[in-house]
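Visitor: Just dropping this structure here.
The values are calculated or read from the model by the stated rules, or taken from the named source; none is laboratory data. Keep in mind that this is a model prediction, so the values were computed, not measured. Backbone-built Cβ (ideal geometry, glycine too); neighbour counts: all protein chains shown.
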Amino acid sequence: MEEKSSKLYENEGDPKFSDISLRLLDLSDIDDFMVWASDGKVARFCRWEPYTSKAEGMSFIKDKVATHPWFRAICINNRPIGAITVTPKSGHDKCRGELGYVLASNYWGKGIATQSVKMVAKTIFDEWPHLERLEALVDVENVGSQRVLEKAGFKKEGVLRNHTFRESRVDMEEQSLESEVKEGQSEFSEISLRPLELSDIDDFMVWASDDKVTSFTSYGPFSHKEEGIEYINHVVIPHKWFKAICLNNRAIGAISVTPFSGNDKCRGEIGYVLGSKYWGKGIATRAVKMVVDIIFDEWPHLERLEALVDVENVGSQKVLQKAGFMREGVLRKYVLLKGKTRDMVMFSLLSTDPRI
């Protein structure tokens with residue numbers, strides 16, 4: 001963001017931040033909205049293309065802005081020159097919100113975006129008491145926006161490769177096995193993946209009722225078979241890609257890939273669980289590799305397979321590293337797990353990465 005405004009300030013001194021305010025954006029602001037919404041320089045790093053007609057802008061304000069939980073116009077003397085949003089997450093992610101902002105190009109380089117971000121940061125945690133983390137995803141080529149966040153006190157946590165879909169790929173700135181498999185065994189021919197079914201309920205309950213296994217999962221431990229049956233019926237069976245990890249066709253764990261949609265359709269999230277009896281034998285690593293070998297062919301649109309692992313779950317981190325995943329960074333207070341916000345390590349493997 002390099003250009004400076006000749007209209008906003010009479011000299012090149014510090015901007016008058018007292019003139020900056022945040023308020024609701026409404027249809028009466030359409031002419032000001034179109035100034036930045038139709039600018040190719042502004043839209044370059046946005047998820048929308050430059051608008052070519054006022055009708056498109058009015059539709060966006062009615063359908064997106066008016067219904068958004070927290071969307072504000074960035075104003076100078078009450079006239080919109082940009083916008084800033086906080087999008088809340090839900091479920092286990094409700095502890096965090098995603099910040100986004102846009103500013104008309106003739107106001108770049110004056111510290112206005114930084115001041116606006118600071119204004120949001122000062123109020124949003126009071127407005128939303130459940131919020132513990134405010135995050136922002138920025139294109140690696142958008143150096144100006146990265147500087148805005150750093151000046152506003154945000155911490156760069158890592159680079160998420162091939163994280164968002166636009167016209168091109170975009171990088172964004174988060175034990176013993178006993179008799180069945182002997183220690184050190186490298187023959188994995190008896191390991192297979194297949195759909196998990198209700199008939200597997202007894203095997204499922206072995207790991208789903210184990211405190212050691214479920215300490216890092218969003219569910220469990222289950223204490224009754226009925227809970228397990230409900231989980232299989234309502235979560236496993238409707239899932240897009242959920243498989244049992246089997247030894248001699250008997251379920252000893254599970255592995256899944258959850259797809260994303262929209263601008264995130266280029267990525268999927270892998271998750272896995274294994275009965276504690278089978279830890280430390282390379283089975284989880286083998287299962288992850290088996291998924292990697294097929295998922296990019298089954299889902300040709302997929303370019304990135306990512307995994308979020310609790311910072312304290314060292315074993316699972318080693319599984320991913322052995323399977324060829326890259327550790328990208330630590331996402332602080334990223335997930336609400338069993339009443340506590342957790343720091344998570346982000347791993348990824350791209351469709352173009354070498355297989356090991």
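Visitor: Collect the residues in the stretch 195-219 that are loosely packed, with under 13 Cβ neighbours inside 10 Å, acidic (Asp, Glu) and more than 28 Å from the chain's Cα centre (by Cα), keeping them in residue-number order.
Guide: Of everything in the stretch 195-219, just one residue is loosely packed, with under 13 Cβ neighbours inside 10 Å, acidic (Asp, Glu) and more than 28 Å from the chain's Cα centre (by Cα), namely ASP202.
Visitor: Also, quick follow-up: What do you reckon, is ASP353 more than 23 Å from SER218 (Cα to Cα) and part of a helix (DSSP H, G or I)?
Guide: It is false that ASP353 is more than 23 Å from SER218 (Cα to Cα) and part of a helix (DSSP H, G or I).
Visitor: Considering the stretch 279-315 alone, what residues qualify as being closer than 12 Å to ILE255 by Cβ and small (Gly, Ala, Ser)?
Guide: ALA284, ALA287, ALA307
Visitor: Quick check on ILE295: is it part of a strand (DSSP E or B), over 16 Å from the mean Cα position of the chain (by Cα) and of a type in the set (A, V, I, L, M, F, W, C)?
Guide: no
Visitor: Check the stretch 274-288 and report whether any residue there is assigned by TED's automatic domain parsing to the domain that holds LYS240, in a strand (DSSP E or B) and surrounded by fewer than 16 Cβ atoms within 10 Å (Cβ to Cβ).
Guide: no
Visitor: Is it fair to say VAL273 is under 28 Å from VAL140 (Cα atoms) and either in contact with a Gly (Cβ under 7 Å, 6 or more places away or on another chain) or aliphatic (A, V, I, L, M) (or both)?
Guide: no
Visitor: Out of (1) farther than 20 Å from VAL159 by Cα; (2) in contact with a strand residue (DSSP E or B) (Cβ under 8 Å, 6 or more places away or on another chain), the odd one out for LYS265 is which?
Guide: For LYS265, the exception is condition (1).
Visitor: For the stretch 36-73, which residues satisfy the criterion of being over 24 Å from the mean Cα position of the chain (by Cα) and of a type in the set (Gly, Ala, Ser)?
Guide: Within the stretch 36-73, ALA37, SER38, GLY40, SER53, ALA55, GLY57, SER59, ALA66, ALA73 meet the criteria.
Visitor: Another one. Return a yes/no flag: does the stretch 245-259 have any residue that is hydrophobic (A, V, I, L, M, F, W, C) and not in a strand (DSSP E or B).
Guide: no
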